[in-house]
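The values are calculated or read from the model by the stated rules, or taken from the named source; none is laboratory data. From a predicted model like this one, the values you see are computed outputs, not experimental measurements. Virtual Cβ from ideal backbone geometry, glycine too; neighbours counted across all protein chains shown. To get the accessible areas, we keep the full protein, side chains included, count just its heavy atoms, and leave off ligands, DNA and RNA. Shrake-Rupley method; radii C 1.70, N 1.55, O 1.52, S 1.80 Å.
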Amino acid sequence: MTQRARVAGVGLVPFSTPSKARTYDLMGEDAIRRALADAGVSYGSVQQAYVGYVYGDSTSGQNVLYRVGMTGIPVVNVNNNCSTGSSALWLARQAVECGAADCVLAVGFEQMQRGALGAKWDDRPTPFDRFSSVVEGVQGFDDDVPMAAQYFGGAGAVYAQRHDTKPETFARISVKARKHAANNPGAVFRDPVTVDDVLRSPHIFGPLTRLQCCPPTCGAAAAVICSPEFARAHGLNAGVEIAAQAMTTDRPSTFDEQDLTKVVGYDMTVQAARAVYETAGIGPEDVPVVELHDCFTTNELLSYEALGLTPEGTAEKFVLDGQNTYGGQVVTNPSGGLLSKGHPLGATGLAQCAELTWQLRGAAGDRQVDGAKVALQHNLGLGGACVVSLYRRVD
């Protein structure tokens with residue numbers, strides 16, 4: 001293995017609702033060109049590309065990249081549900097660190113449709129059969145409620161019953177997300193909301209109301225990943241390294257323990273986070289800024305504990321004490337997160353990478369976390385895969 005991979009450049013297309021979005025190929029091209037310009041390299045320097053998306057025809061990645069150039073490089077299309085963008089990044093980082101390539105492009109995009117996520121194939125087994133079997137056995141299943149809301153809402157209800165967590169605590173996470181998003185020009189929802197606004201919005205499932213669920217969103221993001229040697233040879237200002245990264249998938253506990261918090265990836269997150277901390281030689285107490293997978297407020301609260309940011313059973317106190325925002329222990333989702341910035345599935349992981357790269361460069365503007373030298377990223381996909389990444393500023 002060579003030295004740790006560097007993030008040489010990032011590019012992000014401001015996210016939008018489906019009714020206002022461009023097509024995926026235009027968004028993807030835009031994100032790539034922004035990342036290349038940020039890195040200061042031409043497309044001709046890129047040796048491999050990993051392209052993530054969930055909803056789209058096969059080889060859509062090539063269709064996007066061909067708009068930038070046709071150099072004959074390997075293009076690998078990636079689909080790992082909501083962790084797709086980080087999975088593309090994981091592959092790009094591996095390619096650089098193992099010496100297979102010196103400069104690699106990771107791209108993610110999504111052109112989503114209105115409404116809740118749904119299966120596209122009804123003539124074959126769904127990968128969620130195992131998950132839904134557990135969910136249905138624990139709490140039943142409502143055909144009129146989106147599947148993901150039942151999974152994550154149910155997990156939140158289990159946690160709330162276990163630790164006597166108040167509905168207002170979950171709602172405060174949405175309030176915080178909007179407050180952070182107000183400083184992000186690329187976020188979809190920037191208007192402030194109150195706890196009452198959140199709680200009075202239409203009920204969805206368990207503790208979840210509409211304002212506690214991320215919206216279907218369109219967008220694209222990209223990152224240029226290179227070796228330190230490549231950066232030096234080309235005079236690049238690649239001052240952010242991927243200090244540690246881990247991807248985990250489900251283990252028997254996801255299904256065998258009949259625990260909905262584990263069905264939605266709690267154990268995957270714990271395992272990935274521990275591996276990353278061990279590799280990086282730091283602990284969660286050393287992390288000042290995190291972009292975590294807040295697809296629902298319930299999952300953000302669960303993730304505080306799974307990532308080790310606060311001990312098990314203390315997430316409510318963590319929220320009420322303001323430890324999850326500026327002036328507290330760790331700023332979670334300064335971008336506004338999935339709840340307010342938006343969640344175009346294939347792009348989310350690379351948008352998180354972009355935000356944390358800007359934070360470590362000191363280039364995040366009004367949402368800058370002062371003195372950030374390390375940053376943590378958490379991207380979760382049911383089905384399942386979890387990618388946790390630790391970035392470090394280097395001189």
Among the residues of the stretch 143-151, is any touching a Phe, Trp or Tyr at 6+ places or on another chain (Cβ under 9 Å), outside any helix (DSSP H, G or I) and closer than 23 Å to T254 by Cβ? yes
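Go through the stretch 191-208 and give me each residue that's part of a strand (DSSP E or B) and either in contact with a Lys or Arg (Cβ under 7 Å, 6 or more places away or on another chain) or surrounded by 17 or more Cβ atoms within 10 Å (Cβ to Cβ) (or both). Give the steps one after another, and end with the answer.
Of all residues in the stretch 191-208, those part of a strand (DSSP E or B) come to 203-205, 208.
Matches in the stretch 191-208: I204, F205, L208.
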What single numbered condition from (1) modelled with pLDDT of 95 or more; (2) surrounded by fewer than 22 Cβ atoms within 10 Å (Cβ to Cβ); (3) not hydroxyl-bearing (S, T, Y) fails to hold for D144? (1)
Do you know which residues across the stretch 209-249 are touching a Cys at 6+ places or on another chain (Cβ under 9 Å) and part of a loop (DSSP other than H, G, I, E, B)? C214, S227, H234, L236, A238, T249
Failed item, numbered, when A364 is tested on (1) within 15 Å of the chain's Cα centre (by Cα); (2) surrounded by fewer than 24 Cβ atoms within 10 Å (Cβ to Cβ); (3) within 22 Å of D38 (Cα to Cα): (1)
Matching option when the condition is of a type in the set (S, T, N, Q) and surrounded by 24 or more Cβ atoms within 10 Å (Cβ to Cβ), among S86, S58, S19: S86
Where a residue in the stretch 315-342 is touching a residue at least 24 places away in the same chain (Cβ under 8 Å) and within 20 Å of P185 (Cβ to Cβ) and its partner, wherever it lies, is of a type in the set (F, W, Y) and open to solvent by 10 Å² or more (accessible area, probe 1.4 Å), with Cβ under 7 Å and at least six apart: S340/F189; K341/F15; G342/F15
Do any helices (runs of 4 or more DSSP H) entirely within the stretch 290-395 hold 2 or more residues that are more than 25 Å from G154 (Cα to Cα) and modelled with pLDDT of 95 or more, and if so, which? 345-361
Give me the residue from the stretch 172-190 that is part of a helix (DSSP H, G or I) and either of a type in the set (V, I, T) or farther than 17 Å from K341 by Cα (or both) and, out of that set, nearest to the chain's Cα centre (by Cα). I173
